[in-house]
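A.B. asks: Can you read through this structure? Questions will come right after.
The values are calculated or read from the model by the stated rules, or taken from the named source; none is laboratory data. Since this is a predicted model, take the numbers as computed values, not measurements. Here Cβ is always computed from backbone atoms with ideal geometry, including for glycine, and neighbour counts include all displayed protein chains. Just so you know, the surface numbers come from the protein's heavy atoms only, side chains and all, with ligands and any DNA or RNA stripped out. Shrake-Rupley method; radii C 1.70, N 1.55, O 1.52, S 1.80 Å.
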Amino acid sequence: MVSRSFCKRREMAAVFPAWIMVTILVLEASLVMGGFQASLKLERRIPLVSHEVELGRLREFDRLRHGRLLQSSGGVVDFPVRGTYDPFLVGLYYTKLQIGSPPKEYYVQIDTGSDVLWIGCNSCNGCPESSGLQIELNLYDPGSSSTSSLVSCSDQRCNAGVQSSDSGCSGQGNQCSYTFQYGDGSGTSGYYVADLLHFSTILEGSMSANSTAPIMFGCSVLQTGDLTKSDRAVDGIFGFGQQSLSVISQLSSQGMAPRVFSHCLRGKNGGGGILVFGEILEPNMVYTPLVPSQPHYNLDLRSISVGGQVLSIDPSVFSTSSSQGTIVDSGTTLAYLADEAYDAFVDAITKTVSQTVRPVLSKGNQCYLITSSVTDIFPQVSLNFAGGASLILNPPDYLVQQSSIGGAAVWCIGFQKIQGQGITILGGLSLIFVGRSCSERQNHCL
C-alpha cells in the first residue's frame with residue numbers, strides 16, 4: 001500500500017519518484033515538539049504534461065483554499081481515501097467514517113488546514129442532498145444513535161475549544177457550539193455532540209482489529225456558499241490540525257492512537273491514497289526540522305539554487321515569524337514564493353534559457369516558447385532546507401504547459417508570487433517532486 005520510493009542519505013539530495021510522503025507530528029500550537037514522533041504522509045503526482053490548465057484558474061483555486069507511519073505501540077488506525085488532486089475534476093480528497101450506534105457511514109473531506117471534524121445533521125439548512133462525486137450523502141441524526149450525547153458549555157473539551165476559537169457558548173441552552181467561516185464566503189455553524197467512532201487498527205504482522213472510541217465532533221445545522229453546492233458535496237470536513245479538538249488529538253489523549261498521522265495522495269490511476277493514524281519509518285532518510293510552535297506545518301527553507309548556483313536572496317526572506325515562513329499545504333495546487341524570492345527565481349531561469357527559447361508574458365505569468373524538450377533546455381532547481389536536505393526539481397516539475405503558438409509549445413513557470421506577503425507555500429506543484437518526505441521526532445524528512 002506504500003510506495004517503495006526512497007530517500008538518499010543526509011549528504012545527498014532527495015530522490016523523487018512518483019509519490020510524495022510527508023510525515024508530521026500533531027502538536028498543540030503552543031508546545032515545543034521534542035519527545036514526540038511525527039508523521040504526515042502525502043503521495044501525489046500531478047501529470048502536468050498531459051493536463052494543460054490555465055495558471056489563472058489554479059491560482060483562483062488556491063486563493064479560495066488560502067482563505068479558508070508503521071511504528072506504534074498500539075498499531076495504526078487505517079482509513080480509506082478517495083478523490084484526486086485535480087480541481088477541474090474532483091479537486092479534493094475524502095475518506096469514509098463510521099459513527100454512531102448502530103454505525104452509519106459518512107464521507108468527509110480530509111483537511112490539514114483545520115482542526116474540527118464536523119458532519120451535516122438532520123436539521124441542517126443548506127446541506128446538499130446529492131453529490132456529483134457519485135457517493136451517497138447521509139445526515140447525522142443524534143436521536144438515532146444510542147451512544148450520542150450533547151456537549152455542554154461546562155464540558156472540559158468545550159472549554160479547550162474556546163481557547164483555539166474552535167468552539168463557543170452563547171449561554172442559550174448551555175450547548176457547546178461553533179461557527180466556521182471560510183475565505184471563499186462559505187461557512188458552517190452548529191453544535192457539538194459526542195458519539196462513538198468505529199475504526200480499524202492494523203497491528204504488527206498485518207493483523208487488524210475493529211475498535212471504537214468516543215469523540216466530540218460538530219453537528220452542522222447551517223451551511224452557506226460553496227458548501228451548499230452538490231457538484232463536489234461530501235457529508236462534512238475532517239480536520240487534521242494541531243489543536244485539542246482534532247480527532248487525532250482526541251484519540252491520542254485516550255491512548256487509542258499515536259499523536260501522528262500519515263496521509264498519502266495519489267494523483268493518477270484514479271487518485272485515492274491512504275490515511276492512517278501512525279508512523280512509517282524507513283532507513284536512510286534525509287531530515288530537515290519542522291519549525292516548532294507554529295499554527296501551520298512550517299519548514300525552514302534556507303535558499304534556492306538554479307543550475308547549481310545559489311540565488312542571492314536575503315536569508316531573512318525565508319525566516320519564520322507571525323507573518324512569514326514556509327508552509328507545506330497539500331490543499332494548494334501551485335507553489336508560491338515571497339516577492340523577493342520569486343523575482344530572483346524567475347530572473348535566474350530566464351537568464352539561463354534566453355539564448356535558446358523566447359520568453360513571453362501570458363496573463364501575467366512568465367512563459368517561454370519552446371520547440372524542443374524542456375529537459376534539454378531548462379536548468380535543475382533545488383530548494384535547500386535546514387539540516388542539509390534538498391528538494392530537487394527538474395524542468396517538468398516547475399513548469400506548466402499551457403498551449404501552443406505556431407508550432408511552439410508554451411511553458412510557464414508554475415511558481416507564483418504572493419504580492420506583498422512574506423509567505424512561501426509549497427503546494428501540490430512542489431510536493432509532487434519528493435521521493436519521500438517523512439519526519440521523526442521534531443524532524444521532517446525529505
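A.B. asks: Quick one: which of Ser403, Ser322 is among the small types (Gly, Ala, Ser), out of contact with any strand residue (DSSP E or B) (no Cβ under 6 Å at 6 or more places or on another chain) and either more than 30 Å from His263 (Cα to Cα) or in the same structural domain as Gly307 (by the TED database) (or both)?
C.D. replies: Of the residues listed, the single one that is among the small types (Gly, Ala, Ser), out of contact with any strand residue (DSSP E or B) (no Cβ under 6 Å at 6 or more places or on another chain) and either more than 30 Å from His263 (Cα to Cα) or in the same structural domain as Gly307 (by the TED database) (or both) is Ser322.
A.B. asks: Another question, if that's okay. Could you identify the single residue in Gly388, Gly364 that is open to solvent by 30 Å² or more (accessible area, probe 1.4 Å) and within 27 Å of Gly113 (Cβ to Cβ)?
C.D. replies: Among Gly388, Gly364, only Gly364 is open to solvent by 30 Å² or more (accessible area, probe 1.4 Å) and within 27 Å of Gly113 (Cβ to Cβ).
A.B. asks: Output the strands (runs of 3 or more DSSP E) that fall wholly within the stretch 97-204 and possess 2 or more residues being of a type in the set (Val, Ile, Thr), or say none.
C.D. replies: 104-111, 187-202
A.B. asks: If you take the residues of the stretch 116-132 that are within 17 Å of Phe238 (Cα to Cα) and touching a Phe, Trp or Tyr at 6+ places or on another chain (Cβ under 8 Å), which of them is surrounded by the fewest Cβ atoms within 10 Å (Cβ to Cβ)?
C.D. replies: Residue satisfying both the conditions and the ranking: Cys121.
A.B. asks: Also, quick follow-up: What do you reckon, is Met216 in the same structural domain as Cys124 (by the TED database), part of a strand (DSSP E or B) and either open to solvent by less than 30 Å² (accessible area, probe 1.4 Å) or closer than 23 Å to Gly278 by Cα (or both)?
C.D. replies: yes
A.B. asks: Could you tell me whether any residue of the stretch 328-338 is surrounded by 22 or more Cβ atoms within 10 Å (Cβ to Cβ), within 15 Å of Val306 (Cβ to Cβ) and within 29 Å of the chain's Cα centre (by Cα)?
C.D. replies: Looking for residues that are surrounded by 22 or more Cβ atoms within 10 Å (Cβ to Cβ), within 15 Å of Val306 (Cβ to Cβ) and within 29 Å of the chain's Cα centre (by Cα), one finds at least one in the stretch 328-338, hence yes.
A.B. asks: Quick one: what pairs do we get from the stretch 217-229, first residue farther than 29 Å from Asp155 by Cβ, second among the polar types (S, T, N, Q) and not in a strand (DSSP E or B), C-beta under 8 Å, 6+ apart or different chains?
C.D. replies: So the pair list comes out as Gly225/Ser186; Asp226/Ser186; Thr228/Ser186.
A.B. asks: Right, here's the next one. Would you confirm, using the coordinates I've provided, whether Gly387 is part of a strand (DSSP E or B), in the same structural domain as Gly427 (by the TED database) and at positive phi?
C.D. replies: No: the conditions fail for Gly387.
A.B. asks: Is it the case that the stretch 227-238 has a residue that's open to solvent by 10 Å² or more (accessible area, probe 1.4 Å), polar (S, T, N, Q) and at pLDDT 85 or above?
C.D. replies: Yes: the stretch 227-238 contains one or more residues that are open to solvent by 10 Å² or more (accessible area, probe 1.4 Å), polar (S, T, N, Q) and at pLDDT 85 or above.
A.B. asks: Shifting gears a bit: Given the conditions (1) open to solvent by less than 10 Å² (accessible area, probe 1.4 Å); (2) modelled with pLDDT of 90 or more; (3) among the small types (Gly, Ala, Ser), and given that Ser253 satisfies all but one, which numbered condition is not satisfied?
C.D. replies: Looking at each condition in turn, Ser253 falls short on (1).
A.B. asks: When the residues of the stretch 137-174 are filtered to those that are modelled with pLDDT under 90 and among the polar types (S, T, N, Q), which remaining residue is surrounded by the fewest Cβ atoms within 10 Å (Cβ to Cβ)?
C.D. replies: Gln172
A.B. asks: If I ask for residues that are part of a helix (DSSP H, G or I) and either of a type in the set (A, V, I, L, M) or open to solvent by less than 10 Å² (accessible area, probe 1.4 Å) (or both), which ones from the stretch 239-250 would you list?
C.D. replies: Val247, Ile248, Ser249
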